[in-house]
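First comes the structure, then the notes that go with it.
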Amino acid sequence: MSTWFRLNSPAVVFDASADDTVIINLVSGRYFRLNAASSLAWNALLASGSRAAFAASAGNAPELVASVDSMIGALTAENLIVPAGETAAEAASWAFAGFSLESFSDLEDILGLDPIHEADPDKGWPAARD
Amino acid sequence: MRVAVCEAGPIDALGDAGSRSVSDLIEATRTLGHEVLVVNESEVGALEALAIWAPVVVVVSRPGLFSRAYSALSRLGAPLIYFAHDIHELRMAEKGRLGVGDISLTHGASTALNAQRARAMRLVEDFCFTHADLTLLPTEEEVREVKARHPAANVERLTWFALDTVAHAGLAETARRAVFIGGERHEPNRDGVEWLLTDIWPRVSSAFTELVIIGDWTVPTITSLMEPASSAHPDAGTNLANVRFTGRLPAAEVDVIMRTALVGLSPLRYGAGQKRKTLDYLAHGLPTVSTSFGVQGHTQVEDAIDGSFAGVRVADTLADWVVALREIADHANAHEWMRMSNAGKAFVESEYGPMPHRLAVQQIFSRWNERS
């Protein structure tokens with residue numbers, strides 16, 4: 001069975017507005033911003049059940065096809081999405097206009113708390129950071 | 001009943017207000033006869049120990065810990081109580097409104113960044129409110145705020161502190177001393193102390209013997225104000241000669257300073273939740289000058305006792321602060337000083353003493369106690 005990706009729930013939550021999307025990894029404390037164009041890609045990725053469906057939803061735009069791996073790589077590196085089995089789900093049509101993931105770590109002091117916690121950012125508590 | 005209390009690190013009963021509230025909760029729970037296991041997130045293997053202990057209820061302090069530990073803790077099968085210290089997002093939004101931020105950023109950039117942080121924080125806190133079996137917040141206004149956002153969420157107020165009152169030495173033995181208590185780790189404290197030293201104190205210092213600031217303070221924005229005047233900072237240190245930083249002190253030494261002081265100060269220009277420092281002053285019989293943020297959550301009960309805020313002069317502008325401090329420093333107002341001192345202490349005894357706190361904790365746990 002081929003692999004696609006889904007939101008890393010419940011560790012990741014996000015809020016989409018007309019202008020952008022804010023995503024937060026509750027385990028690492030890092031949060032991210034996607035501009036309007038990147039938000040379209042994010043929404044389509046989550047709504048698609050396979051790589052083929054994701055590309056097809058953007059009309060198989062060559063720029064998208066060429067950048068799917070780097071997009072997936074950026075999102076998986078931050079544990080925002082995780083591998084899942086393929087499904088038949090299809091996303092609504094959209095136009096690819098680039099993808100960039102802005103990363104912020106300025107909430108870590110509040111979420112990490114007063115004593116800096118030593119949990120592994122990938123595995124979460126109670127696994128210790130190496 | 002076995003109650004587990006989870007914190008992100010060691011609980012410092014003399015540290016920040018959040019740690020103190022957790023410490024007070026643990027003490028009240030034990031006094032009520034429950035077994036308490038304190039779980040420190042930073043200790044590897046803590047969850048395994050918790051699972052073996054099989055708690056009836058798990059209390060999780062702070063949004064960061066609740067949200068990242070939720071998956072692991074929910075597998076225990078015990079109800080999860082989110083012990084929220086305040087609504088952080090509201091504090092951040094207020095900070096953004098005030099334009100407080102990184103000094104390297106322009107006002108607009110700082111405001112936008114604060115708004116973005118507040119939005120991310122709201123995501124975290126909404127997760128906590130909607131996933132906890134019960135959320136505890138210190139003020140009624142915060143409970144209303146969360147219920148308005150999430151009608152299905154189970155949210156209640158828990159009196160946040162258990163404060164013992166301390167007898168004041170009396171006006172005749174009072175030094176003309178003003179006191180601020182609080183450390184630099186809490187952002188509103190940093191802004192408040194900077195405002196106090198830069199704008200307020202230079203205008204009233206001649207009316208007082210000294211200003212004592214209790215807590216850990218090493219941030220350059222504050223310490224640079226205390227440096228001798230230089231060509232780069234010609235006004236540095238002006239009118240701040242009678243300011244004394246004590247560092248963090250044991251409770252007994254804090255008591256000595258407070259019970260012989262004239263006034264407590266809460267110059268907080270943003271924030272959310274209950275302010276321990278204001279209650280601390282009142283518990284020591286100290287009339288207090290505070291912004292509206294310093295008396296958040298006090299309103300209704302105090303209205304009934306004092307006609308305003310018991311023991312507190314509320315001042316939100318620089319001009320109001322100067323007038324309030326000069327009036328309190330005026331010995332001709334001895335009767336008013338005593339009235340404020342007594343009213344503030346009576347308020348803390350009735351609302352934030354160990355007994356009302358214990359009763360509130362008992363009420364929270366009683367729903368599960370019957371089943372255990």
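The values are calculated or read from the model by the stated rules, or taken from the named source; none is laboratory data. This is a predicted model, so every value here is computed, not measured. As a convention, Cβ positions derive from the backbone with ideal geometry for all residues, glycine included, and neighbour counts pool all protein chains shown.
The table for this structure:
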read-out: Qualifying position, being of a type outside the set (Val, Ile, Thr), more than 12 Å from the chain's Cα centre (by Cα) and part of a strand (DSSP E or B), among A:66, A:37, A:84; value: A:84
read-out: Residues that are of a type in the set (A, V, I, L, M) and over 21 Å from the mean Cα position of the chain (by Cα), drawn from the stretch B:129-155; value: B:132, B:134, B:148, B:152, B:153
read-out: Selected residue (criterion: surrounded by the fewest Cβ atoms within 10 Å (Cβ to Cβ)) from residues of the stretch B:179-208 that are acidic (Asp, Glu) and under 17 Å from residue B:319 (Cα atoms); value: B:199
read-out: Residue in the stretch A:26-35 that is on the phi > 0 side of the Ramachandran plot and in contact with an Asp or Glu (Cβ under 6 Å, 6 or more places away or on another chain) present; value: yes
read-out: Complete set of residues in the stretch B:5-20 that are more than 13 Å from chain A (Cβ to nearest Cβ) and under 17 Å from residue B:158 (Cα atoms); value: B:5
read-out: Enumeration of residues in the stretch B:24-54 that are among the hydroxyl-bearing types (Ser, Thr, Tyr) and more than 14 Å from every other protein chain (Cβ to nearest Cβ); value: B:29, B:31
read-out: Residue in the stretch A:80-100 that is within 14 Å of chain B (Cβ to nearest Cβ) and modelled with pLDDT of 95 or more present; value: yes
read-out: Verdict on residue B:136 being buried (at least 19 other Cβ atoms within 10 Å of the Cβ), at pLDDT below 90 and under 25 Å from residue B:362 (Cα atoms); value: no
read-out: Residue that is modelled with the lowest pLDDT, among those in the stretch B:1-47 that are charged (D, E, K, R) and under 16 Å from residue B:365 (Cα atoms); value: B:24
read-out: Subset of the stretch B:55-80 [farther than 20 Å from residue B:24 by Cα, touching a Cys at 6+ places or on another chain (Cβ under 9 Å) and within 7 Å of chain A (Cβ to nearest Cβ)]; value: B:67, B:69, B:70
read-out: Selected residue (criterion: farthest from the chain's Cα centre (by Cα)) from residues of the stretch B:21-67 that are among the acidic types (Asp, Glu) and over 20 Å from residue B:160 (Cβ atoms); value: B:48
read-out: Residues of the stretch B:317-363 satisfying the condition of being surrounded by fewer than 21 Cβ atoms within 10 Å (Cβ to Cβ), among the aliphatic types (A, V, I, L, M) and either in contact with a His (Cβ under 6 Å, 6 or more places away or on another chain) or over 24 Å from residue B:268 (Cα atoms) (or both); value: B:332, B:334, B:338, B:355, B:359, B:360
read-out: Helices (runs of 4 or more DSSP H) enclosed by the stretch B:112-212 - at least 1 residues per element that are more than 13 Å from chain A (Cβ to nearest Cβ) and farther than 22 Å from residue B:92 by Cα; value: B:201-204
read-out: Among residues of the stretch A:1-46, those that are crowded, with 22+ Cβ neighbours inside 10 Å and in contact with a Gly (Cβ under 6 Å, 6 or more places away or on another chain), counted; value: 2
read-out: Tally of residues being part of a loop (DSSP other than H, G, I, E, B) and at the interface with another protein chain (Cβ under 7 Å from one of its Cβ atoms) across the stretch A:14-30; value: 3
read-out: Selection from the stretch B:48-103 of residues that are outside any helix (DSSP H, G or I), within 19 Å of residue A:30 (Cβ to Cβ) and modelled with pLDDT of 85 or more; value: B:62
